[in-house]
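Participant: Dropping the structure in here first, questions after.
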Amino acid sequence: MTNAEVAILSLVAEQPRHGYEIEAVIEERGMREWTEVGFSSIYYVLKKLEARGLVKRTGADTGSRGPARVTYRATAAGHAALRAATLAALSVPQSGNSPFLLGLANLPVLSPDEVREALARYRAALEGKRRDLEARRSGAGPGAPFFVTAMFDRSLALIAAELEWLAAFESQYAREEDPAMAQPVSPEKVLYSARREPEIVEVPETWCLTLTGSGAPEGPAFQQAVEALYGLAYTLKFQLKGEGRDFKVPPLEGLWWVDRPEEFARTPREQWQWQLLIRMPDGLTEEKVSVARAQAAEKKKNPRIRDVRFERFAEGTAAQVLHVGPFSEEGPVIARLHAFIAEKGYRLRGRHHEVYLSDFRRTAPEKLKTILRQPVEPAT
């Protein structure tokens, strides 16, 4: 029997059902992730099974408006056929005909840029598929049969494994086929780029302008600190530009913590503590920063400018992931990052770190891009 025939036979073996009920269960359980059965083909498959004596009509459901719907149940032969098909499915690994394998076989016909873009789209599609499955699994509720949740779990595990393989393949491709990708990664790329899949990186030590404080990110203290940092950063930029050493002011970064880290999610936002920073280029001196600080404080009339410190910031080994969307939806992404850290044999070290690639004052929440970074150390 085909996968579609086994799938539909299994549903009428559970209990008598008509076509619309079968469609609802297929959708609810996410069965189209592993079998190709469209709504229009359900009755076609039922008629094939009936012709082979595997299902039988039990009557018509007249409990709803519209024409009566024919209900089917599995016969004794159908139960026997389902049992045999189930044993075979669990006993014999099946090879899959994946179009992706066809793409790998013809990789040389594409340029490196085309390969990178195609793999990025494939990764994004897998991530979207995983989010959909996670939502369906959650929607199944705590009362779902264990074998139903197991189907979701297996599909999710396969996607996770494929994403891990994809990351390794991209690295291999960079080393062996794409010399441009194999070049040493610049500090700027490490600091201000991340993937949607968690990864381990080495964060370089740099000079930065930094301020500490407490309170909700939407509060006046936080906003004043942001304005103070940017005010001094741009004053330094224009100073160095006059000397022929212009630089681009990089994104704002923030470290967040509370007195008891395990209670962060339950701590009122007004009690959050933070350290904001903007990285500065090498070659800048404390003397130049002091001059710029005085000028900026006089011009901007922001008392916090005088509190801005110029110091080295070191983080070392860290795990990171790119989050796209509102800050309020970071929770599940952070949980995934922490799970990745444990899987890779690390444990959390230091403070939760965010790099704001988008200007959150001017960007729609659903389009915000934020690097979520967590310093780590070996667990043993």
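Derivation of every value follows stated rules applied to the coordinates shown; laboratory data play no part. Here the structure is a predicted model, which means the values were calculated and not measured. Please note: Cβ atoms are built from the backbone with ideal geometry, for glycine as well, and neighbour counts cover all protein chains shown.
Participant: Which aspartates and glutamates, on any chain, are close to Lys301 with Cα under 20 Å apart, when same-chain ones fewer than 8 places away are left out?
Facilitator: List returned: Glu227.
Participant: Still on this structure, I have one more. So what is the orientation-averaged projected area of region 230-329, using the convex hull of its C-alpha atoms, in nm²?
Facilitator: The directionally averaged projection comes out at 8.9 nm².
Participant: Return the loop-located trypsin sites (Lys or Arg not before Pro) in region 322-380 (DSSP other than H, G, I, E, B) with at most 12 other Cβ atoms within 10 Å of their own Cβ; answer none if there are none.
Facilitator: For trypsin sites (Lys or Arg not before Pro) across region 322-380 that sit outside H, G, I, E and B with at most 12 neighbouring Cβ atoms in 10 Å, the list reads Arg361, Arg362.
Participant: Can you give me the pair-distance distribution of region 99-176, C-alpha pairs, 10 Å bins, whole percents?
Facilitator: 16, 41, 23, 14, 5, 0
Participant: Here is a further query. What is the distance in Å between the Cα centres of region 240-287 and region 355-374?
Facilitator: 14
Participant: Pull up the cross-link candidates among the lysines for Lys189, meaning alpha carbon to alpha carbon under 20 Å and not fewer than 8 places away within one chain.
Facilitator: Lys248, Lys369
Participant: Put a dot 7 Å past each Cα toward the Cβ at Thr149 and Ser91; how far apart are the dots in nm?
Facilitator: So the two model labels end up 3.0 nm from each other.
Participant: Once the convex hull of the alpha carbons of the chain is built, what does its volume come to per residue, in cubic angstrom?
Facilitator: 219
Participant: For region 27-59 and region 139-169, what is the centre-to-centre distance using only Cα atoms, to the nearest Å?
Facilitator: If we compute the Cα centre of each part, the gap is 24 Å.
Participant: Another question about this same structure. Fewest to most neighbouring Cβ within 10 Å: what's the order for His353, His79?
Facilitator: The order, fewest Cβ neighbours first, is His79, His353.
Participant: Counting helices only, and only those DSSP H runs with n ≥ 4, report the 222 nm mean residue ellipticity of the chain as the sum of -39,500 (n - 2.57) divided by its residues, in deg cm²/dmol to the nearest 500.
Facilitator: Helix-only estimate at 222 nm: -15000 deg cm²/dmol.
Participant: Where does the Debye-calculated log10 I(q)/I(0) of region 3-91 sit at q = 0.24 Å⁻¹, using only Cα point scatterers of equal weight, no solvent?
Facilitator: Per q value, in the given order, log10 I(q)/I(0) is -1.28.
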